[in-house]
Amino acid sequence: MSEMVIRVSHGTTEKMEEKTYKVPVGPGMVVLDAIHYIQSHFAPDLAVRWNCKAAKCGSCSAEVNGKPKLMCKSRMDAYDQNEELVVHPIKTFPRIKDLVTDVSWNYRVNKTITPFTPPKGNFGKMYQADMDRVQEFRKCIECFLCQSVCHVLRNHEKHEEFAGPRFFVRIASLEMHPLDEASRIKFLKEEGGLGYCNITKCCSEVCPEDIHITDNAIIPLKERVVDEYYDPVQKIFRIFSGK
Amino acid sequence: MESYETHEHDVLVIGAGGAGLRAAIEAASQGVSVGVVCKSLLGKAHTVMAEGGVAAAMANVDKSDNWQTHFKDTMAGGKMLNNWRMAQIHAQQAPDRIHELEQWGALFDRTPTGDILQRAFGGHTCKRLCHVGDRTGLELIRTLQDRVVQIGMPVYMECTATHLFKDGGRIAGVLAYWRETGKFVLYKAKAIILATGGTGKAFVITSNSWEYTGDGFGMAYQAGAQLMDMEFVQFHPTGMVWPPGVRGILVTEAVRGEGGQLKNSKGERFMERYDPKRMELSTRDQVARAIYTEVKEGRGSPHGGVFLSVTHLNAEAVKKKLPSMYHQLKDFADVDITKEPMEVGPTTHYIMGGIRVEAETTASTVPGLYAAGETAAGMHGANRLGGNSLSDLLVFGRLSGHHAAQFAKQNSGAVKINEDEVRRAAQEVLAPFDRTSGPTPYELHEKLQEFMQAKVGIMRIESDIKEALVEIQDLKKKLTTVRVSGSRMFNPGWHLAYDLKNLLTSAEAIARAALMRQESRGAHTRLDHPKTDPEWGKVNHVISKDGDAMKVAQSPLPQMPDELKKLFEETK
Ligand SMILES: Cc1cc2nc3c(=O)[nH]c(=O)nc-3n(C[C@H](O)[C@H](O)[C@H](O)COP(=O)(O)OP(=O)(O)OC[C@H]3O[C@@H](n4cnc5c(N)ncnc54)[C@H](O)[C@@H]3O)c2cc1C
Ligand code: SF4
Ligand code: SF4
Ligand code: FES
């Protein structure tokens, strides 16, 4: 069994330090296994979030060699065994301790989005073709990797004015839901700050669920904002077509 | 003691999986004040991992399906040890609970005619599982989570409950600590719903996460509630066996539901020898035992499992129907399931036993204390059918929310919690920080998992179980000397140190009940008593705290009314 050196960021926002550990690497091992090994052998208080260990819950987000990743999905053998592997918490949110960050901002943003609003009464049939698109958005596991990588949050810290790609995905899932009757276009333009997004596609690249965030959610939403605010013909068309 | 924050609710729900969230929604609809406490972030509970589907007799695909058939399948799967009334309520109410989810925004896969599509699953005689590809649990939890956010109630996330308190005989509140800061918080409540899930982390090979340490069982037991059917632990037949890091991670039964075949190293579809009629879609207990036997008799795969193959199915259909399995196997095991078979073997998955509750109300034996979801016993008997858990969460989550709210309204007087008890509880949780020598929690946990797996696992024998019980007593002693280091801030070592207490209570309950049941039934297999014995089919094992000792008693199984009994005769 080979060995790898891992450098892990410890500490809190006030005081942080990096520590290096030697970890044995077995077949198929992932970064989260290495972190657990460090916990049970060297640093029992090393803080990390995880649940499913199968890329289904979105808990174990971190930055591995500077890239936002799910640790449970990052194979050790994908990295150069002779180089140090560096594990840091995701950058865009304040650190609580070690690899755990305070992601409560996301839960607050989520609360400001108009919830699912169906028509009253029974709604009968729904067809697969009408829901394929929305089902793609509903695959989101809320890992917040897209939030972490988006420069509007990561570099420009527009947390107050920008909802971030995760919530554009959520809004798209509601706006394109075959039964939803509410409109979140004003929110997107104003509080949501959709205009800040300049379609760099970094969010789509990191999404572990392979959601085409930019192409399938953000661009169609941008089009809707344009139609609503700048294109009177489309707007009238929409009023008559009911959406 | 240090100062601590206090919150007060009419109904406090502990657990934010499907059961807890459905309970909270229902309780809130009764106009009482509701709070939810959970160990992880909202949306990360076990329910999110459920893959295959949720069972409900909607008869969208098999027109002949109805609640009676679902009820019969559930009872047969549970080897008739289920609480018949729970199984009946479940079968009758599940379809409404699914429709309700749609009204809250859930989008299940469809039939060509626009109804909810249903797939086959082991032990279900009709195509019955509503699903969203193989990420059904995510759809379920997100829908409930959105609903909870919409209603607007406090959700105390990353907060671990440790001790229940009573006022006189009735429930009065619970002590918890914030994982982030390690500070204590006291919740006063007129009624409490435990929806804390199971205890898979008592075993090495498991599909369960760190959260599954049997906290609900431990807390309820300490508070004087009864546990039941704890010998019945479900070993899911198809967990991953390779590579080592993912050993135990689930390969959903939907793989077999969609037509996957099990083969041994000789290429034989060995289920022919164990259950020729149902083959791969036999019940989980049978398939798990079959795989165990194949491996033991030398017909296993290179890494000690058997082969599960979907290569004979259309590759595009596999990717569409089982997308997350396709990725899971590709990413973790370098296996392209459309081209090569997977290697699978049994993994600890679910516990049928749990807190003993009343069928209609989910009330435990402690007034004001309710339990729902995996943490409650009775619904699944000796073996749970796939898909029957997600529906159980919805049906009994709702009932628990309703009845807890009613209880809170009818017993609206203020509850008092004894300060001394709170102080003692807090001291117990903090004690490991005071020690400078002694074992680490990780060492003790590893030990527990090893002997539970080896001695109280899928095949059991009296001498092994007795040895495990000796080891449990030994670990209990060692737990009083366990040491942790670091600060109280987000300290997993410290968290585990307290979780171990609940794990040990759960492990002891499992072992004691397993020792007592001298027969094989459903998920409980005794090598020294291989037959199913009708006499044992008349009793449940009920566990309660008797001073410092754990008491196991037998309780007669509630009798089914004649009109339900008739359902079973008709098919004979
Ligand atoms: C991989 C996998 C796949 C599955 N697939 C299916 C399927 O396809 N169909 C099906 O029907 N079933 C399936 N199951 C089973 C089913 O998912 C679970 O039994 C079910 O989700 C349990 O739900 P619950 O609400 O009871 O508990 P959970 O969803 O586990 O929630 C428990 C909650 O309790 C909280 N909690 C626990 N202890 C404490 C404490 N001390 N203090 C505060 N909070 C606490 C946790 O934080 C969590 O929020 C699957 C299970 C697994 C593991
Ligand atoms: S495409 Fe838009 S939302 Fe996505 S990372 Fe780039 S700027 Fe951010
Ligand atoms: S959209 Fe993708 S990257 Fe963003 S939170 Fe969801 S799963 Fe994660
Ligand atoms: S642990 Fe669930 S996504 Fe990594």
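For the reader, a short list of remarks on this structure follows.
- Pair B:Gln103, A:Glu223: separation of 7 Å Cα→Cβ label points (nm): 3.4
- Acute angle (nearest 10 degrees) that the helix B:18-29 long axis makes with the longest principal axis of chain B, alpha-carbon atoms: 60
- Computed from the C-beta positions of B:Lys476 and B:Glu450 and an R0 of 22 Å, the FRET efficiency is 0.85 to the nearest 0.05.
- 25 °C / 0.890 mPa s Stokes-Einstein diffusion coefficient of the stretch B:173-290, Kirkwood radius on C-alpha pairs, µm²/s: 139
- Using the empirical formula 2.2 N^0.38 Å as the baseline, the Cα radius of gyration of the stretch A:104-241 reaches a ratio of 1.05.
- Where B meets A: accessible area buried, both sides, 1.4 Å probe, Å²: 4600
- Residues of the stretch B:344-378 with an amide N closer than 15 Å to a point placed 7 Å from the Cα of B:Gln92 along the Cα-to-Cβ direction: B:359-362.
- Helix B:492-516 axis, angle to chain B major axis (alpha carbon atoms, nearest 10°): 60
- Residues of the stretch B:132-172 buried by at least 40 Å² on assembly (accessible area, 1.4 Å probe, chain alone as reference): B:Arg135, B:Leu138, B:Arg142, B:Asp146, B:Val149, B:Gln150
- FRET E, pair B:Glu340, A:Ala78, Förster distance 22 Å, beta-carbon r, rounded to 0.05: 0.60
- Relative contact order of the stretch B:422-532: 34 percent, from C-alpha pairs under 8 Å at least 6 residues apart in sequence.
- Restricting attention to the stretch B:417-572, close to 90% of DSSP beta bridges with both partner residues there are antiparallel.
- Backbone N atoms of the stretch B:328-359 closer than 12 Å to the 7 Å Cα→Cβ label point of B:Lys538 are not found in any residue.
- Ellipticity estimate at 222 nm from DSSP helix runs (n ≥ 4, -39,500 (n - 2.57)) divided over chain B, nearest 500: -11500 deg cm²/dmol
- Per residue, the accessible area of the stretch B:239-346 comes to 41 Å², computed with a 1.4 Å probe over protein heavy atoms only.
- Largest GNM mean-square fluctuation among A:Pro24, A:Pro119, A:Pro94, using chain A with Cα springs under 10 Å: A:Pro119.
- The stretch B:239-346, Rg to Rh (Cα coordinates; Rh as Kirkwood inverse mean 1/r): 0.93
- Across every direction, the projection of the convex hull enclosing the Cα atoms of the stretch B:8-76 has a mean area of 6.9 nm².
- Qualifying GluC sites (Glu not before Pro) in the stretch B:116-199, DSSP loop, other Cβ atoms within 10 Å at most 12: none
- Look at the alpha carbon pairs under 8 Å that are at least 6 residues apart: their mean separation over the length of the stretch B:489-572 gives a relative contact order of 17 percent.
- A 1.4 Å probe run over the stretch A:1-128, with the rest of the protein chains in place, finds 43 Å² accessible per residue.
- Given A:Lys73/B:Lys466; B:Lys201/B:Lys296; A:Lys186/B:Lys319; A:Lys53/B:Lys501; B:Lys201/B:Lys477; B:Lys79/B:Lys277, the pairs whose alpha carbons are separated by over 29 Å: A:Lys73/B:Lys466; A:Lys186/B:Lys319
- DSSP beta bridge pairing in the protein assembly as shown, given as percent antiparallel to the nearest 5: 75
- Within chain B, the ratio Rg/Rh, alpha carbon atoms throughout and Rh by Kirkwood, equals 0.95.
- Among beta bridges identified by DSSP and lying wholly in chain B, the antiparallel ones come to about 70 percent.
- Accessible surface of the protein assembly as shown, 1.4 Å probe: 51 percent of it comes from carbon and sulfur atoms.
- Shape category assigned to the stretch B:411-459 from the gyration tensor of Cα positions, a/c cut at 1.5: oblate
- Annotation for the stretch B:301-361: GluC sites (Glu not before Pro) lying in DSSP loop with at most 14 further Cβ atoms inside 10 Å of their Cβ are B:Glu360.
- Residues of the stretch A:86-108 buried by at least 50 Å² on assembly (accessible area, 1.4 Å probe, chain alone as reference): A:Ile96, A:Lys97, A:Tyr107
- Applying 1/(1 + (r/R0)^6) with R0 = 45 Å to the Cβ-Cβ distance of B:Ser64 and B:Thr181 gives a FRET efficiency near 0.20.
- The distance between label points at A:Tyr196 and B:Lys319 comes to 3.6 nm (points 7 Å beyond Cα on the Cα→Cβ vector).
- Contact-buried residues of the stretch A:18-60, at a threshold of 50 Å² lost accessible area versus the chain by itself: A:Pro27, A:Pro44, A:Asp45, A:Arg49, A:Trp50, A:Asn51, A:Lys53, A:Lys56 (1.4 Å probe; DNA, RNA and ligands ignored).
- For chain A, the Stokes-Einstein estimate of translational diffusion at 4 °C and a viscosity of 1.567 mPa s comes to 66 µm²/s, using the Kirkwood hydrodynamic radius over alpha-carbon pairs.
- Nearest 10 degrees, 0 to 90: helix B:419-430 Cα axis against chain B principal axis: 60
- Take every pair of alpha-carbon atoms less than 8 Å apart whose residues are at least six positions apart; their mean separation over the length of chain B yields a relative contact order of 21 percent.
- Whole-number Å³ per residue for the convex hull built on Cα positions in the stretch B:223-295: 140
- Net charge of the neighbourhood of B:Leu527, taken over other residues with C-beta under 10 Å away and scored Lys/Arg +1, Asp/Glu -1, is -1.
- At 1.002 mPa s and 20 °C, Stokes diffusion of the protein assembly as shown via Kirkwood alpha-carbon radius, µm² per second: 79
The values are calculated or read from the model by the stated rules, or taken from the named source; none is laboratory data. A quick note: this is a predicted structure, and the numbers were derived from the prediction, not measured. All Cβ positions, even for glycine, are placed from backbone atoms using ideal geometry, and neighbour counts span all protein chains on display. When the accessible area is computed, the model is the full protein with side chains, heavy atoms only, and any ligands, DNA or RNA have been set aside. Shrake-Rupley method; radii C 1.70, N 1.55, O 1.52, S 1.80 Å.
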